[in-house]
Amino acid sequence: MALAQAPDIRILGAGDAALMADMNALFGRVFDDPGSYASAPPGTLYLARLLRGESFIAIAALEGDAVVGGLAAYVLPKFEQARNEIYIYDLAVEAAHRRRGIATALIAALQREAAARDAWVVYVQADHGDDAAIALYTRLGAREDVLHFDIPPAKAPGR
């Protein structure tokens, strides 16, 4: 049995809004969260503007035209020192394509992009019980045990 060819790992740019939309759909499927990812998807112009900006990085794993994995990250300018940090917000691989090194390849591409942008660090959070993610991130970096809190914004007028 022949091994499947490694997917093409591609950093998305302003002309890749359709691929970003496919990656968004992938996140909804993999995370089983269609409400967050599919209930009000952004349009092509919004995605193109996001992909053109300096504060967002999207990386897709492609097999042909199909997005089989994706990583979305934010560049965070820091105030305490003149440096940036990069936060991996979402990382997912289709179930049928796991255990092939795709997530590691996506992170490696982000590490190269982080170096090109002179970022200080790349960081990510993992949820308790997500053993595969915890094992992956443990292999790639230093673990910090922290608490995460979601604080809602003040209620806006008219909402």
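Just a few scattered comments:
- Here the calculated FRET efficiency for A82 and A115, from their Cβ-Cβ distance with R0 = 22 Å, stands at 0.80, rounded to the nearest 0.05.
- Using every pair of separate Cα atoms, the Kirkwood estimate puts the hydrodynamic radius of the range 54-109 at 12.3 angstrom.
- Anisotropy class of the range 1-76 from Cα gyration tensor, a/c 1.5 cut: oblate
- The range 1-63-the range 110-127 distance, computed between alpha-carbon centres (Å): 18 Å
- Helical runs assigned H by DSSP (4 residues or longer) give the chain a calculated mean residue ellipticity at 222 nm of -10000 deg cm²/dmol, each run adding -39500 (n - 2.57) before division by the residue total.
- Chain lengthening between D65 and T44 when straightened (0.36 nm per residue, less Cα-Cα): 5.8 nm
- A142 paired with A96, simple spin-label distance in nm, labels 7 Å along Cα-to-beta-carbon: 4.2 nm
- Residue among A38, A105, A82 with the largest mean-square fluctuation in a Gaussian network model of the chain, springs linking Cα atoms under 10 Å: A82
- Charged-residue dipole, Cβ positions (Lys, Arg, Asp, Glu), the range 43-138 about Cα centre, Debye nearest 20: 240 debye
- Residue ranges 48-54, 68-74 sort as 68-74, 48-54 when ordered by packing (mean number of other C-beta atoms within 10 Å per residue, highest first).
- Under a Gaussian network description of the chain, with springs only between Cα atoms under 10 Å, the residue in E144, E94, E63 that fluctuates furthest is E144.
- Overall form of the chain per C-alpha gyration tensor (a/c, 1.5; a/b vs b/c): rounded
Any read-out appearing in this document is the output of simple, stated calculations on the displayed coordinates, not a laboratory observation. As the structure is a computational prediction, the values presented were derived from the model and not from experiment. Because the Cβ atoms are built from the backbone with ideal geometry, glycine has one as well, and the counts that use them run over all protein chains shown.
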